[in-house]
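Coordinate-derived values only; no laboratory data. All values reported here derive from a predicted model rather than from experimental measurement. Here Cβ is always computed from backbone atoms with ideal geometry, including for glycine, and neighbour counts include all displayed protein chains.
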Amino acid sequence: AQKVTQAQTEISVVEKEDVTLDCVYETRDTTYYLFWYKQPPSGELVFLIRRNSFDEQNEISGRYSWNFQKSTSSFNFTITASQVVDSAVYFCALSEAPDDKIIFGKGTRLHILP
Amino acid sequence: KAGVTQTPRYLIKTRGQQVTLSCSPISGHRSVSWYQQTPGQGLQFLFEYFSETQRNKGNFPGRFSGRQFSNSRSEMNVSTLELGDSALYLCASKTGDSYNEQFFGPGTRLTVL
């Protein structure tokens, strides 16, 4: 069965600090897709990244970076030099096929303190 | 390009009633998925419709149903509402091809009293 675990329920850091959000997933498939979404206070989920299981290259997009490690079934998300606008709930998610349902973790609420 | 729209944004119902929520996907998107978000259970997948057919289904009771119209707009219905159905219901659309980047709507906040 597929499962996504985000062990960190809530994190608070001071602005400009780096912060890493952990994500551990479970799947029996060799082909799968991993995602990160951001949910700001407005409630609308915003897509951040999709990674397929054959692509273990880490990715950097501005202040955001993602570390995908199949050996530990982890797909961690790091925000460098955090800003108050990064305050949101972040969800890691998994899909076992392009057209399959997406299973979300419980989310990590991130507070960036000024 | 307009985003995913959901109506109504807020809804208050009482136990036993039924409710219908509406979702209009991004133009050209043929897949619509519905999710329930609660503080306790998080984001849970309800079902997905593609070209008017249910393509995937989550683990929810039969009180939760949906449909999709020929213009890709989708509705979900919850009958015999229970207090535990209070949640944010999110709709997401995508083109339906193999790259399943979903775009989410703002959600409908349902409160059951």
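Can you tell me the FRET efficiency between A:ARG109 and B:SER65 if r is taken as the Cβ-Cβ distance and R0 is 35 Å, rounded to the nearest 0.05? Calculated transfer efficiency: 0.65. What is the calculated FRET efficiency for B:THR80 to A:THR80, with r their C-beta to C-beta distance and R₀ = 41 Å, to the nearest 0.05? Computed FRET efficiency for B:THR80 and A:THR80: 0.25.
From the alpha carbon centroid of segment A:29-89 to that of segment B:1-52 is 24 Å.
Partner shielding of A:39-47 amounts to 5, given as the average count of beta-carbon atoms from other chains within 10 Å of each residue beta-carbon. Among the listed pairs A:LYS70/A:LYS101; A:LYS16/B:LYS94; B:LYS13/B:LYS94, which have their C-alpha atoms separated by more than 28 angstrom in this model? Exceeds cut-off: A:LYS16/B:LYS94; B:LYS13/B:LYS94.
From other protein chains only, count the Cβ atoms within 10 Å of every residue's Cβ in B:43-51, then give the mean. Please report the intermediate quantities before stating the final value.
Details: counts 12, 3, 7, 1, 1, 4, 0, 1, 0.
For this peptide, the per-residue mean of nearby foreign Cβ atoms is 3.
Per-residue 3J(HN,Hα) values for segment A:59-73, derived from phi via the Karplus relation 6.51 cos²θ - 1.76 cosθ + 1.60 with θ = phi - 60°, read 10, 10, 9, x, 8, 9, 9, 10, 10, 9, 10, 5, 4, 10, 6 Hz in sequence order (x marks Gly and Pro).
Using a simple spin-label model with pseudo-atoms 7 Å out from Cα toward Cβ, B:LYS13 and A:LYS16 lie 5.1 nm apart.
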